[in-house]
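The structure appears right after this line, and notes come after that.
The values are calculated or read from the model by the stated rules, or taken from the named source; none is laboratory data. Note that the structure is a prediction, hence the values are computed from the model and not measured. Quick reminder, even Gly has a Cβ in these numbers, built from the backbone with ideal geometry, and neighbours come from all protein chains shown. Ligands, DNA and RNA are excluded from the accessible area calculation, which covers all protein heavy atoms including side chains. Shrake-Rupley method; radii C 1.70, N 1.55, O 1.52, S 1.80 Å.
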Amino acid sequence: MIPYYRHFGLERDPFLDTADPHFYRTTPALARARDRLVGGVLESRGLQVIVGDPGTGKTSLMAQTERELLGRDDVRLGKILDPSFATETEFLLGVARSFGLALPPRSPAALKNALKNYLYDAAVLDGLTIALLVDESQNASDEIFEVLRLLLNYDVPQRKLLNIVLFGQSELRPRIEARRNLADRVDEWYELGTLDANEARALIAYRISRAGGAADGTALFDDDVLDAIVGASAGTPRRLLTLAHATLREAAAYGRPRATRTDAEAAARLRGLSIPKAAASSNGVAPAQPAGESGAAEPARRWWQFPWLAAFRMR
């Protein structure tokens, strides 16, 4: 069986849920966040935090920030994909490994001292900027947050020895704010939101074009299908791409040259999503309906409700 995207003449799957830079499309908000993250690291500002609901693009933003920093000779970068370590010792060993240090298991105090010496040599003697990126930071225990606070204490008069960038789901913010001694060290907060309708449509078109389709990737969908997909996704990038993928796969299964609203509804139903019943406008907003004080649509009014019409009707 050929992959569904071959049915539409595409060279590769445009909607894989990975941080593939080939398919990355920035927005003005994401570009500003990336530039400020990179700038904060290069200025040795210490701690920066990025939060957002699942599927809003945190991991993709982290990948782009990582690419920017790895392109510099004066930056040394470490990365932890999930900080849910069982103990302080395991976390410290994980941080050391992320920088290429093969430290033997020791007491937490000995590991912190070894990391401090490494950071001093790299940042002060070698003149490097050291940064640690941590994804899924909402999974960190209180003990790990305390270790991060202690690592941020390592500095010299001119700069921080270690810069930390935390990426996490929305619950990360209140967890940090509950620890004032850590929250006060946050130099920048960034909150990722959802896409508006135009951005969502542009993302789908861009992904299809990067997969070998026409520049206007919307040609693979009937006119109202993209509005349906955008409405059901509520602007969440991951949900948007997953639903677009499933809609095209439905259409390919039936041999259709373009995805129809029926395909979109079937794809949404299988994922527990609902597609707005009213046709969406070009900006993704359903047309307004007249409503009375209760919010319900007013019924059509009859001729006898307009007394001045009665004279014409009696003739």
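Observations
- Stokes-Einstein diffusion for segment 67-199, with the hydrodynamic radius set to the Kirkwood value over Cα pairs and evaluated at 4 °C in a medium of 1.567 mPa s, equals 82 µm²/s.
- Evaluated at q = 0.22 Å⁻¹: base-10 log I(q)/I(0), Debye formula over Cα of segment 164-231: -0.88
- P(r), alpha carbons of segment 1-90 - 5 Å bins starting at zero, rounded %: 2, 10, 18, 19, 16, 13, 9, 6, 4, 2, 0
- Shown here is the pair-distance distribution of segment 40-137: with all Cα-Cα distances grouped in 5 Å bins from zero up to the longest one, the shares run 2, 11, 21, 23, 20, 14, 6, 2, 0 percent.
- Measure of compaction for segment 6-49 (Cα Rg per 2.2 N^0.38 Å): 1.74
- Using the Cβ-Cβ distance between GLU188 and ARG271 with R0 set to 30 Å, the FRET efficiency from 1/(1 + (r/R0)^6) comes to roughly 0.30.
- GNM flexibility winner over the chain from PRO257, PRO157, PRO21 (Cα, springs under 10 Å): PRO157
- Sulfur and carbon atoms: percent of accessible area, the chain [1.4 Å]: 50
- Taking 0.36 nm per residue of sequence separation and removing the Cα-Cα distance, the ALA234/ASN153 pair yields an extension gain of 25.0 nm.
- Charge dipole of the chain about the Cα centre (unit charges at C-beta), most positive-ward option of PHE145, GLY217, PHE99: GLY217
- Accessible area per residue for segment 101-240 is 43 Å², calculated with a 1.4 Å probe on protein heavy atoms, without ligands, DNA or RNA.
- Take the Cβ atoms of GLU143 and THR26, set R0 to 41 Å, and the FRET efficiency comes out at 0.70.
- A Stokes-Einstein calculation at 10 °C with viscosity 1.306 mPa s, built on the Kirkwood radius of the chain over Cα pairs, returns a diffusion coefficient of 69 µm²/s.
- Taken about its Cα centre, the chain carries a charge dipole of roughly 760 debye when the Cβ of each Lys and Arg holds +1 and the Cβ of each Asp and Glu holds -1.
- Reachable lysines, given that their alpha-carbon falls under 26 Å from the alpha-carbon of LYS58 and they are not under 8 places away in the same chain: LYS79, LYS160
- When the chain is described by a simple charge dipole with +1 on each Lys and Arg Cβ and -1 on each Asp and Glu Cβ, the residue from GLY39, ALA114, THR242 located farthest towards its positive end is THR242.
- The modelled label-to-label distance for the pair TYR120/ARG97, using points 7 Å beyond Cα in the direction of Cβ, is 2.7 nm.
- The stretch between THR87 and GLU177, if pulled fully straight at 0.36 nm per residue, gains 30.2 nm over its current Cα-Cα span.
- Charged side chains reduced to their Cβ positions (Lys and Arg at +1, Asp and Glu at -1) give segment 151-200 a dipole of some 400 debye around its Cα centre.
- Packing-based order for 169-175, 98-104, 38-44, 52-58, using average beta carbon neighbours within 10 Å, highest first: 52-58, 38-44, 169-175, 98-104
- Scalar couplings 3J(HN,Hα) for segment 240-251, obtained by applying the Karplus form with A = 6.51, B = -1.76, C = 1.60 to θ = phi - 60°, are 4, 5, 4, 6, 5, 4, 5, 5, 5, 5, 4, 5 Hz; x denotes Gly and Pro.
- Simple spin-label estimate for ASP53 and ASP224 in nanometres, 7 Å along Cα-Cβ: 2.6
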